[in-house]
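Read the figures in this text as sums done on the coordinates, not as results from a lab. Computed from a predicted structure; not experimentally measured. Cβ coordinates were reconstructed from backbone atoms using ideal geometry, including for glycine residues, and neighbour counts include every protein chain displayed.
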Amino acid sequence: MRAVIVAAGYGSRFLPASKTVPKEMFPIVDRPAIDFILQELSESGIEDILLITSRRKRALEDHVDREVELEQVFESEGNAAKQRSIAVPPGRFFFLRQQRMLGTGHAILMAEPFTGGDPFVVVFPDDLHVGGPPLTRQLIDTYDRTGCSVLAVEHDPPHLERYGVVSLAADGLHVTDIVEKPPPGTEPSRDISIGRYLYTPEIYPALRRRWERHRGGEFNYTEGVRELARGGRVVIRRMEGRRLDIGTPAGYLRSILEYAAADPELAAEIEAFRAGGGDAPGEDSAASAS
């Protein structure tokens with residue numbers, strides 16, 4: 001199975017930081033966000049990965065390439081840990097630029113020559129996954145059981161009105177619709193669609209039919225999903241683990257804090273800040289200043 005990472009967007013919520021630095025490269029403490037995605041795909045057994053980017057995203061290509069000078073420096077120092085930290089991520093990487101921002105549905109249509117007639121995973125890198133089995137692996141397992149396209153969903157998060165909420169059939173498994181940002185009290189379920197999808201190749205003709213009738217504005221992937229759902233060809237997988245939502249500055253900050261809190265040394269820094277901003281226990285402020 002292959003994977004498609006949709007990473008062409010402007011990242012306008014993070015301007016001016018995202019003007020020249022892709023938001024997929026923003027650090028979660030000491031790891032770029034895209035690194036979490038690549039690890040998830042690798043641990044799910046996926047080797048061939050297409051990144052749909054744009055002209056501002058060259059740093060993503062550099063990230064999956066060698067850094068020869070640093071390799072030589074760390075080798076001469078005998079620093080194996082730093083050598084591992086800059087190792088090329090596992091996988092075979094392909095790049096395709098979306099030259100006009102025509103929406104996620106258009107981006108997925110661009111991937112058809114890469115995925116061919118096989119099922120494939122689509123990743124929106126605003127959502128990172130930690131804990132539990134890799135989220136992509138969870139989708140693959142569900143596809144193996146059902147043969148349907150699979151939407152990853154998170155059950156009962158706060159603020160359902162900010163998301164696309166799935167409407168489910170009586171079996172609680174099959175999707176009948178996706179309602180975008182429903183007003184509070186009108187939600188069709190307590191399950192929101194998050195940034196992982198496993199599509200069968202049926203998605204392509206469904207998207208093309210919708211694209212032919214599309215008249216202006218961004219073309220969203222949900223157009224094709226709705227068509228497949230009406231035929232009973234889309235199911236959900238409720239996520240095991242935790243989602244880090246880095247799509248907004250507030251979510252990005254929360255994600256950094258949650259990730260850092262799992263590291264004892266960084267957790268001590270957080271507690272020291274909460275207690276009044278002093279140094280963490282054992283921290284040498286002079287050394288930190290250097």
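If you go through the stretch 197-243 and keep only what is closer than 18 Å to residue 175 by Cβ, hydrophobic (A, V, I, L, M, F, W, C) and not in a loop (DSSP other than H, G, I, E, B), you end up with 198, 203, 206, 207, 225, 228, 229, 234, 235, 236. The set of residues from the stretch 216-271 being crowded, with 16+ Cβ neighbours inside 10 Å, over 29 Å from residue 31 (Cβ atoms) and of a type in the set (Asp, Glu) comprises 223, 227. Residues considered: 196, 145, 162. Of these, the only one that is in contact (Cβ under 8 Å) with a residue 40 or more places away in the chain, out of contact with any His (no Cβ under 6 Å at 6 or more places or on another chain) and not small (Gly, Ala, Ser) is 196.
Whenever a residue of the stretch 248-260 is under 17 Å from residue 159 (Cβ atoms), its partners that are part of a helix (DSSP H, G or I) and of a type outside the set (Gly, Ala, Ser), lying with C-beta atoms within less than 7 angstrom and at least six residues away or across chains, give the pairs 248/13; 249/13; 249/14.
Matching residues to (1) of a type in the set (Phe, Trp, Tyr); (2) surrounded by fewer than 23 Cβ atoms within 10 Å (Cβ to Cβ); (3) more than 19 Å from residue 10 (Cα to Cα):
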position: 108; (1), (2), (3): no, no, no
position: 116; (1), (2), (3): no, yes, yes
position: 121; (1), (2), (3): no, no, yes
position: 124; (1), (2), (3): yes, yes, no
position: 135; (1), (2), (3): no, no, yes
